[in-house]
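The structure under discussion appears below in the form of structure tokens.
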Amino acid sequence: MRLRGYRDRDAELLSGPWPPGELLGLPLPNWPALAPFTSVPPPSGEGDEELCVAGDAAFVRYTDIDWVRRRARLEIGVRHPVPEGLDALLAAAVAHGLRRLNLHRLHGWVTPLVAPADGGLAGTLSKAGLVREATVPEHLWLAGRAVDREIWGVVRDD
């Protein structure tokens with residue numbers, strides 16, 4: 001899967017029914033009808049973020065980029081229905097951040113309650129080289145209750 005630069009015509013990809021700031025934002029099946037979609041702003045041009053698009057299926061956002069320490073937070077928003085190449089999308093996002101942007105570390109929030117239909121969220125993240133770094137209990141209010149969130153990250157060794 002290839003990532004390309006964001007264009008104005010990709011604006012509809014920037015909002016959807018997933019938790020805010022999610023490393024792998026997958027559409028929630030029971031999103032309340034009156035709840036607004038989570039959205040991210042288009043690129044600001046400030047240099048502290050990078051926004052890419054994967055076809056018409058997802059956006060990939062590197063935010064809070066620290067160019068000195070070479071690290072960033074990764075967010076991915078996936079359209080409904082979830083595309084088949086979820087593993088390839090995540091692998092492409094990690095590779096782009098580590099190789100093309102020359103970052104040393106990527107990290108992001110994961111809400112375990114939100115998982116692919118096969119339940120293999122941890123496996124999908126691990127295949128891309130990410131590891132669970134920490135769990136934050138009751139970090140987010142979702143589906144009428146407090147849910148845990150995890151921080152997952154990857155560090156380039158070279």
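The values are calculated or read from the model by the stated rules, or taken from the named source; none is laboratory data. Please read these numbers as outputs of a predicted model, since none were measured by experiment. Note that we place each Cβ from the backbone using ideal geometry, even for glycine, and neighbour counts take in every protein chain shown. The accessibility values were calculated without ligands, DNA or RNA, using every heavy atom of the protein model including side chains. Shrake-Rupley method; radii C 1.70, N 1.55, O 1.52, S 1.80 Å.
In this structure, Arg99 and Arg9 have a Cβ-Cβ separation that, at R0 = 22 Å, corresponds to a calculated FRET efficiency of about 0.25.
Based on the Cβ-Cβ distance from Asp87 to Glu138, what FRET efficiency comes out when R0 is 22 Å, to the nearest 0.05?
Once the sixth-power term is evaluated, E becomes 0.15.
If you take all other residues with their beta carbon under 13 Å from the beta carbon of Ala92, and give Lys and Arg +1 and Asp and Glu -1, the sum is +4.
Return one whole number: the accessible area per residue of the chain in Å², for a 1.4 Å probe. Kindly include the intermediate steps, with their values, before the conclusion.
Numbers: 8470 Å² over 158 residues.
That works out to 54 Å² per residue.
The helix-based estimate of mean residue ellipticity at 222 nm for the chain, built from -39,500 (n - 2.57) per DSSP H run of four or more residues and divided by its residue count, is -3000 deg cm²/dmol to the nearest 500.
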